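Student: Sharing a structure here in structure tokens format.
The values are calculated or read from the model by the stated rules, or taken from the named source; none is laboratory data. Because the structure is predicted, anything quoted here is derived from the model rather than measured. Cβ placement follows ideal geometry from the backbone for every residue including glycine, while neighbour counts extend to all protein chains displayed.
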Amino acid sequence: MSPVPAPLRSPAAGRRLPPAAAPARLLAAGLLLLALAGLPSPARPAGAAAPPGPLVEVLPFRGAIDPVSAGLITGRIRQAERDGAAAFVLELDTPGGGMESMRQIAQAMLSSRVPVVVYVYPPGARAASAGTFLAYAAHFAAMAPGTEIGAASPVGVGGTQLGPTEAAKVTSDAVAMITAWAERNGRNAAWAAEAVRRAVSLPAREALRQHVVDAVAASLPDLLRQLDGREALVSTPGGERRVRLEVAGASLRLLPVPWWTQVAEFLADPNLSLLLLSLGFWALVAEFAHPNLVSGVLGGIAALLGLLGLELLSASAVGLLLVLVGLALFLVDLKVQAHGFVTAAGALAFVLGALLLFPSSGIPGAPVLSPAPALVGGLVLVSLGASLAVGWLVRHTRQPALALGATGLVGLRGRVVQSVRRRGEEPTGLVLVGGSDWRAVLVPPAEGDQNQEAAPRELPPGSEVEVVAVRGLTLEVRPAGRSLSDGE
């Protein structure tokens, strides 16, 4: 778990599960709602006969505790409440995860109107770090033989050791939190504190003997038989009250993981999101520099998926803006020719933005999501190379015409690609001359020209033009007398 985990896993490693979401916020919400709209609800359809006897809903979870998986688990707890389930069982196998995501799930458990059971399953599974906290937050905790629980000491970003002052603050906060939950649910508070302070762990049988968990069961039906008749303190509109668990022989409903949550979980990786955003940006730039449709479509999709992944991870708007400014500055340097100064500023903005994309939880020493430094450095080099490539591409597409020289271009005819206006009336248009696209402006008729009054101030796409002068890489053109169809 972030500020209370060990071992801490990279969000890109060993993840399996899914979502939580919402500028990019509208995009993320819209895409997820569209996906949801096409899915059948896993809840019992209206009018369907209820299964005989009590109903227990089960969610298997294997992976890291993160914003994506927090949304899945809390949503399933609320679904169990709506379905009138007698209990909700979370089959848990996790190496840990983030502090804020763990708190979100724990709060849903503590305020649940139905008893929540955390079952460390299957054999070989673990409830490490954040998983230990979730086991203590649940009304009942159980383990399968061959599983383990514990190792909940705070660590710094990337698993580094905290400084003495930071460690004391984070540890004190974590101990207070887990012991409060232990006392509320009637389990071993002293061992919970040791799991945080000294990162101790226990196997299933020893955890039962020390009353860290309420049962050791080889299967779910066995677990329900053992828990049948026990009482749990649940929340109700009128306040907390104790309810008797009656789940022996209950009907089991396995809650599926929707496909869209698996897609969201895949995208919710800081490395992948930053990579997609950067590559998508440069693909779109290439499309504008040399239209070909393919790079535009693929670049747009990549950029949108990158933004969606960052939104799912609750990325900072300031960090995202710095990343985009950094990418844009690589292009600006090609235009202003600032001898590398603007490029250096772009690299600095990109790196700072990548570091600030995922703000800390505000708790000293709390681990946070972060793109890999090697990836950030690699993307800076790729961006530098891409900006040089775009510059070369722009110059190369003009090379055949440039070989003619400024004098050779004068008198050539071409076609308007983007509306051309007179100088000073922005934006300047584009014309196709000598097999290349050129920026162009429309020149007014010469003084004394009898057609001066009727001369157009703008030429639409398809109009034929004649080059009358060259100013750098901008052509001055005038109407050539007839329009060309798009196919000519």
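Student: Suppose we keep only residues that are under 20 Å from Met143 (Cα atoms) and either basic (Lys, Arg) or at pLDDT 95 or above (or both) within the range 94-109. Which one would you say is nearest to the chain's Cα centre (by Cα)?
Tutor: Once the filter is applied, the top-ranked residue is Ile105.
Student: Can you name the residue in the range 277-301 that is assigned to a helix (DSSP H, G or I) and polar (S, T, N, Q) and, of all such residues, is modelled with the lowest pLDDT?
Tutor: Residue satisfying both the conditions and the ranking: Ser295.
Student: Test Arg225 against the criterion of being modelled with pLDDT of 90 or more and surrounded by 13 or more Cβ atoms within 10 Å (Cβ to Cβ), and give yes or no.
Tutor: Considered against the rule, which asks whether it is modelled with pLDDT of 90 or more and surrounded by 13 or more Cβ atoms within 10 Å (Cβ to Cβ), Arg225 comes out as yes.
Student: Another one. Name, by its number, the condition in (1) crowded, with 20+ Cβ neighbours inside 10 Å; (2) at positive phi that does not hold for Val213.
Tutor: Of (1) crowded, with 20+ Cβ neighbours inside 10 Å; (2) at positive phi, only one is false for Val213: (2).
Listed here are the residues, each with its yes/no results for (1) within 35 Å of the chain's Cα centre (by Cα); (2) more than 19 Å from Gly131 (Cα to Cα).
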residue: Ala193; (1), (2): yes, no
residue: Leu208; (1), (2): no, no
residue: Val213; (1), (2): yes, no
residue: Thr261; (1), (2): yes, yes
residue: Ala264; (1), (2): yes, yes
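Student: What's the number of the condition Thr261 fails, among (1) modelled with pLDDT under 90; (2) touching an Asp or Glu at 6+ places or on another chain (Cβ under 7 Å)?
Tutor: (2)
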